[in-house]
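Notes follow once the structure below has been shown.
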Amino acid sequence: MTPFIVITNTQTPDYLAVSYEQPGQALAPDVVRNDAEDVSVSPVIQNTPGVSPIYSPDYDPTDELTMAIGLVDTPPTAGSVDLLVGATAVNGVAYNVTAAALQTALNVALTTEGEPLCTVVENEDGAYTISGVTDGEVVDGFFSVADASLLYPISDAFFVMGGEGSVSSKYVYTFVMRQAPMCVADLTDELPAADVVVTTVQSGSGTANKIQEISFTNTPYTGSYTVSGAVGGVTASCGVVNWGITAEELGLILARHPSVKYQSVDGTADNIAPSFNNGKYYVEFMGTLANNDANAFSALNYNLQGPAGKSGLIHYNTQGLYIYSLSQGDSFQLTRTIQRTRTSGEVLTIYSGLVTILKDAINAATYVPSPLTSYYTSAQVNSLLAAKQDIEGAYTSKTANYTATTSDQYIDCTANSFTVTLPTAASIAGQTFTILNTGSGTITVDTTSSQLISGSLTQTLPAGSTITVVSSGSYWTIL
């Protein structure tokens, strides 16, 4: 899972924290088109310097979080859109049409429809307010979009009715053109609560010491947990353990158990040896506790706090992404955005940053584009790898039996030299086969010593005939 810890109280929405405790810019990974990415989003605010942890959650369970690849709330950059005013077509409205030009085009159609004319005001790039010049009613849907497919990048165009109008009021519509995000995912799964887990990674025996692992789910950023132990026949509490302590500090806490020693002052072997690696603690029982599988620690969540937010899956196999990628080479950059919507009505883009998308590998089980130029399916990749192994001499000899089926018998003969032997069954004797060489090497048929550089040769082969490849770069097929 790719974590996005998004700082919401910065000047620009493009800042990802490394962790709740570590400041700095975290980098989002590149992705592969036609892949799927499991992501989590944890909105946070940066605390006053000196406050620990550095970041605190800025998330409510009622928040809606949406991730998109492609620009959001941005007008198209090329193309045109076809509109309908009643039943009258208004075609070829440019992506950057001026308010005056749009007003003129709409009024021609309104005259045809016999409806009150309009004035048009451009509110922002790609957004216009259409108001009746005089009082009068036009029903909902009177202004509509017939075709927005010529806008580029792929965009949505729509009308929103502000008022139908009446004998004493003017109709009001808003017309908007906006780039459609290539991929969109609504994150719906609540991130799990932080917890502590103790597992045995090596059981104690006559020849092995018991080793336990103390790990965490949804890695906490603050809080504590309690530890108790059943050691040396005694069950006792070791007390509260704060999140993020060192292995040495953990050892001292575990040593509160009456049967446990850590760094014993008399120089004898320690009863436990704690260590820390990759976010997990490991406790090995040693000394007088060695080899005893009955000894064990357990832990319970006290008030551990983990990242709060939501997770979900975003797919990179949309038609929009495919069309965009055709003109962008083997990799291209788009804007990745994360939007938060609150029940109060607040809609905030909390992250906006570039993501690089690679398009060389395709999961053949999902969407495979056409044409396939510069693409490789997973089957093609496997074939290329196998051919590369042959070329490198991974195989020095092969034996293949011809079977009387309707399928052609094909072998890639790119090794330096090997022999293909036909079966000795009497049913093969006297049959006629066409041997096709599609490579540059030499194939010798032992019964006739015929040499094939290219093309094909039809032979009647006796039982047990062999075909020997005497140089590299050949491919043969028996038909």
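Which chymotrypsin sites (Phe, Trp or Tyr not before Pro) from the range 149-216 combine a DSSP loop assignment with at most 12 other Cβ atoms within 10 Å?
Hits after loop and neighbour filter: nothing returned.
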query = How big is the range 1-160 by the Kirkwood estimate over distinct Cα pairs, in Å?
reply = 19.7
task = Only Lys, Arg, Asp and Glu count, each charged at its Cβ (+1, +1, -1, -1), so figure out the dipole size of the range 17-88 about its Cα centre, rounded to 20 debye.
result = 200
task = Quickly work out the residue 168-to-residue 134 label distance, labels modelled 7 Å from Cα along the C-beta direction, and quote it in nm with one decimal.
result = 1.8
task = Mind giving me the nanometre distance, one decimal, between the label points for residue 62 and residue 156, set 7 Å out from Cα along Cα→Cβ?
result = 2.4
Scattering profile of the range 80-179 at q = 0.11, 0.18 Å⁻¹ [log10 I(q)/I(0), Debye over alpha-carbon scatterers] = -0.28, -0.76
task = Return the tail of the calculated pair distribution for the range 180-309, meaning the percent of Cα-Cα pairs more than 19 Å apart.
result = 51
query = For the range 148-239, which trypsin sites (Lys or Arg not before Pro) are both in a DSSP coil and crowded by at most 11 other Cβ atoms within 10 Å?
reply = none
ask   = Whose amide H sits under 5 Å from the amide H of residue 155, counting only residues 5 or more places off or on another chain, with H placed in the peptide plane?
value = 180
query = Along the charge dipole of the range 1-59, Cβ charges K/R +1 and D/E -1, which of 25, 53, 4 sits furthest on the positive end?
reply = 53
request  = Considering the options 174, 102, 87, tell which one lies farthest towards the positive end of the dipole of the range 80-179, charges being +1 on Lys and Arg and -1 on Asp and Glu at the Cβ, about the Cα centre.
outcome  = 102
inquiry  = Report the Cα-based extents of the range 1-75 along its three principal axes, largest first, to the nearest Å.
reply    = 44, 24, 24
Rg in Å to one decimal, and Dmax rounded to a whole Å, for the range 287-354 via C-alpha atoms = 24.3, 70
key: About the Cα centre, charge dipole magnitude for the range 80-179 (Lys/Arg +1, Asp/Glu -1 at Cβ), debye   = 120
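Taken together, the values in this text are just the output of simple stated rules run on the coordinates, not laboratory data. The structure presented is a predicted model; accordingly, all values stated were derived computationally and were not measured. With ideal geometry, Cβ positions are generated from the backbone for all residues, glycine too; neighbour counts draw on all protein chains shown.
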